[in-house]
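This report refers to the structure that appears directly beneath it.
Bear in mind that the values in this text are calculations on the coordinates, not laboratory data. Small disclaimer: the values here were computed from a predicted structure and weren't measured. Reconstructed Cβ throughout: ideal geometry from the backbone, glycine too, with neighbour counts over all protein chains shown.
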Amino acid sequence: MTKLQEIRALQSLLPDRIKEIQSMQECCVDSEYTDHHCVTVFGTDTIGDYQVIRKFDVEIEVNMNWEYDLIYSLPEKEQKRFLDEHECINDNFYEIYPYEDNLYQYEIGEFMQIWYNVKDHSLYKFGRINKKDCHYCRLHGQWINLSQRMTKRKETFLDRFDCNMPSEGFYKDFSIHEDLVKAGYDGIDAFDWYYGCGEEESISRNSLFIRDKNINELYTDILLNRTQEATRIRLYGLDNYIYLITQKDEAYQKELMAAMRVCQRHKYQITNTEAWRDMIFQLYKMGKDLHNPHYVCPTNLIQAHDKISTQYRNALNRIEEKKRIKQLESEMQTAAQKLNEFIQHMQAFLDLCFSNDQLVIRPLRSPIEYIQEGIAMHHCVASYKERYNSLILSARNHQDERIATIEVSLHDYKIIQIRGKHNQATEYDQDIAVLLTKNMKQIRKANKKQQIINAALSA
């Protein structure tokens, strides 16, 4: 049996992938297109000694006037009822008749196959050529051998469709030959590659790698280990390699490569790729040694990942807290300059002080005290230092340890909020509320005094 006969016999045994592509056909829609358009989907299957690159045509018919077509296709009574109730097609129509099933219509078919032999690296190409016009894919016809006895019609077809992986389209390895797997090719799934997008953040890593690739040449490179790219794929695996080359931080790239080499040397099996990568990134950010198998090759990956993640979050929180404190401290100079203005607006309140056997509550007496309170309590009270329509007080114990920060409205003399450290509630909230309520008359009296002062200053 010749290779061509062998392929012809195997061709009928290829699995039908139409249903799988149909399940993802909505990914192929680009809302910018308001008329008929098409997308090419690449998928691969393995059978015998062959990795088969299969090309599918997704034809998308866009009906921008579907609502009018639909309403006039309804039974006469339903049509009349809707038109009697509504003067025009409006939001009510779209609520009753969702457009998803009406706006787009799909037609999917396989139009080309490239049979790649993993043993001898030979290539055979087959296509379904429309006899009338080979510039367009049709979803019928016999498979024609494109590898031999070229004709004008075959050449025209190949010029249009025998391309590398497209810059617009989708790719998925449905199955992979074991020889390719052993060589490090562990598959590509670029169905999340948004058609026609052009924005990097909306395009998957796999898609960026596969764009404009000659996939059968990549197979040969990997199997024969004849390029640096192929060598790294064989060492790290395709998915890890793609992840590696798409990292923008060059220093992280080098450290990541070092971590991968450590795994290779110690024959460490990464059981959860995403968790491992996440852990490595966090270790890198914390300045840990990624050449050390203690970090890179943990016995329990998930447990190690969770531990590192906790350490990383704590480190980030400490950094953010330092930034916040530095910012607040930089505001102290400005706050000192505003002391006179603050005293003018709040002087009647500054001598207030309420206490019981547990608590001492007094106002914050300067803009700097607002900043100090915010730093100590880990909240945003510093932003209230120029608000004069409320009274901000600090509740402390008799050892002058801060317990909570309180805001009281100077309009209705109600407690607006009581905040402990990190804006949390405290065990003293009820006691604070009782003590302030008992002394609210003093706050009211001080406010009336302040109003007289303000009036005098205005005059």
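Rg over Rh for the chain works out to 1.20, using Cα positions for both radii and the Kirkwood form for Rh. Per the Cα gyration tensor, the stretch 224-319 maps to an equivalent ellipsoid with semi-axes of 25, 15, 11 Å, ordered largest to smallest.
Applying the Karplus relation 6.51 cos²θ - 1.76 cosθ + 1.60 with θ = phi - 60° to the stretch 227-238 yields 3J(HN,Hα) values of 9, 4, 4, 4, 4, 5, 5, 5, 6, 9, x, 4 Hz, where x marks Gly and Pro. Largest first, the extents of the alpha carbon coordinates of the stretch 6-72 on the three principal axes equal 53, 24, 17 Å. Karplus-based coupling profile of the stretch 108-114, in residue order and whole Hz: 10, x, 8, 10, 8, 9, 10, with θ = phi - 60° in 6.51 cos²θ - 1.76 cosθ + 1.60 and x standing for Gly or Pro. By the count of other C-beta atoms within 10 Å, a proxy for reagent exposure, Asp306, Asp45, Asp179 are ordered fewest to most as Asp306, Asp179, Asp45. What the Cα convex hull of the stretch 263-334 gives, in volume per residue, is 79 Å³.
Kirkwood hydrodynamic radius computed over the stretch 261-380 comes to 18.7 Å, based on all pairs of distinct alpha carbons.
For the stretch 414-459, applying the loop criterion from DSSP together with a ceiling of 13 other beta carbons within 10 Å to the trypsin sites (Lys or Arg not before Pro) yields Lys414.
A cut-off of 5 Å between modelled amide H atoms, ignoring neighbours fewer than 5 places along the same chain, links Asn130 with Arg138.
Taking a straight line from the alpha carbon of Lys449, these lysines sit under 22 Å away, with near neighbours fewer than eight places off in the same chain left out: Lys338, Lys385, Lys414, Lys438, Lys441.
Beyond 20 Å, the tail of the calculated P(r) for the stretch 339-458 holds 38 percent of the Cα pairs. Straight-line reach from Lys213: taking Cα to Cα under 20 Å and skipping same-chain neighbours fewer than 8 places apart, the lysines in range are Lys55, Lys125, Lys172.
With N counted as the residues of the stretch 367-425, its alpha-carbon radius of gyration over 2.2 N^0.38 Å works out to 1.07. Antiparallel beta bridges, as assigned by DSSP with both residues in the chain, represent about 90 percent of the total such bridges.
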